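One structure is given here, and the rest of the page talks about it.
What follows is calculated from the coordinates using simple rules that are stated; it is not laboratory data. What you see is a predicted model, and the numbers here were worked out from it, not measured in a lab. Because the Cβ atoms are built from the backbone with ideal geometry, glycine has one as well, and the counts that use them run over all protein chains shown.
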Amino acid sequence: MKTMIVVLVEGVSDQGAVRAVAKKLGIFIKVVIMRGNNLKKAVRIIRSYKDYDKAIILKDLHRYDENAIARRLETIATRIAKPKVIPIVVKRAIEAWVLADPQSLSKELGVRVNVKDPEALLDPAETLNHYMKLAGKEYIKSERTLEMLMSKVDLREAAKRARSLSAFIKALQDP
């Protein structure tokens, strides 16, 4: 019997990124877009999947306080009866995961990408757009674009530079 992993994300670009990661790892996931930050909605969504083995909630930090977001996520996890709810704060946005492997991104775009700490960037999407513009492209937040870019990422390398990606991979792989 397949393990059912439900992953809650904020938007369609996040959906593309997590699908690419799961596919690279050979793990089946059900991705659900949360649309908004309503705690009750997240709880209802997770409870609607009665046969899940674990749920992972990915919340972009953006410009919010990390401790406040972590507390909100922990509140969600404790309000759900099943024990396998894993909250993960994505610093600052999921585009940081793509930027965490500058070598692969450089190869894909044909321009030199130099990002020291992708999770320290205030706006990873804007930084990604900057490098794409250097390559004569424009970053349009979409499921397809981020899934394609994330599929090129070396997960081992990127996980070393993006703690939230490392936590997500661990959450997917742990029983």
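Among residues belonging to the stretch 126-175 that are among the polar types (S, T, N, Q) and touching a residue at least 40 places away in the same chain (Cβ under 8 Å), point out the one that is farthest from V12 (Cα to Cα).
Only one residue fits best here, namely Q173.
List every residue pair whose Cβ atoms sit under 6 Å apart, with the two residues 6 or more apart in sequence or on different chains, where the first one lies in the stretch 1-24 and is in contact (Cβ under 8 Å) with a residue 40 or more places away in the chain and the second, anywhere, is charged (D, E, K, R) and in a loop (DSSP other than H, G, I, E, B).
From residues that are in contact (Cβ under 8 Å) with a residue 40 or more places away in the chain, the pairs are T3/D53; M4/D51; M4/D53; S13/K141.
Need the failing condition index for D60 against (1) among the acidic types (D, E); (2) touching a Pro at 6+ places or on another chain (Cβ under 9 Å); (3) surrounded by 13 or more Cβ atoms within 10 Å (Cβ to Cβ), just the number.
(2)
Those residues that are farther than 25 Å from I5 by Cα and of a type in the set (A, V, I, L, M, F, W, C), I need them from the stretch 128-175; list them, please.
L128, M132, L134, A135, I140
Answer yes or no: is there a residue in the stretch 153-160 that is within 26 Å of K84 (Cα to Cα) and of a type outside the set (A, V, I, L, M).
yes
May I ask you to list the residues in the stretch 106-126 that are of a type in the set (A, V, I, L, M, F, W, C) and part of a loop (DSSP other than H, G, I, E, B)?
Taking the stretch 106-126 as the starting set, the residues that turn out to be of a type in the set (A, V, I, L, M, F, W, C) are 109, 111, 113, 115, 120-122, 125.
Within the stretch 106-126, V111, V113, V115, L121, L122 meet the criteria.
Scanning for something of a type in the set (S, T, N, Q), over 16 Å from the mean Cα position of the chain (by Cα), surrounded by 15 or more Cβ atoms within 10 Å (Cβ to Cβ) and under 16 Å from K160 (Cβ atoms), does the stretch 92-112 turn up at least one residue?
There is at least one residue in the stretch 92-112 that is of a type in the set (S, T, N, Q), over 16 Å from the mean Cα position of the chain (by Cα), surrounded by 15 or more Cβ atoms within 10 Å (Cβ to Cβ) and under 16 Å from K160 (Cβ atoms).
Among the residues of the stretch 144-175, how many are acidic (D, E), more than 12 Å from the chain's Cα centre (by Cα) and either surrounded by 14 or more Cβ atoms within 10 Å (Cβ to Cβ) or more than 26 Å from K54 (Cα to Cα) (or both)?
Result for the stretch 144-175: 1.
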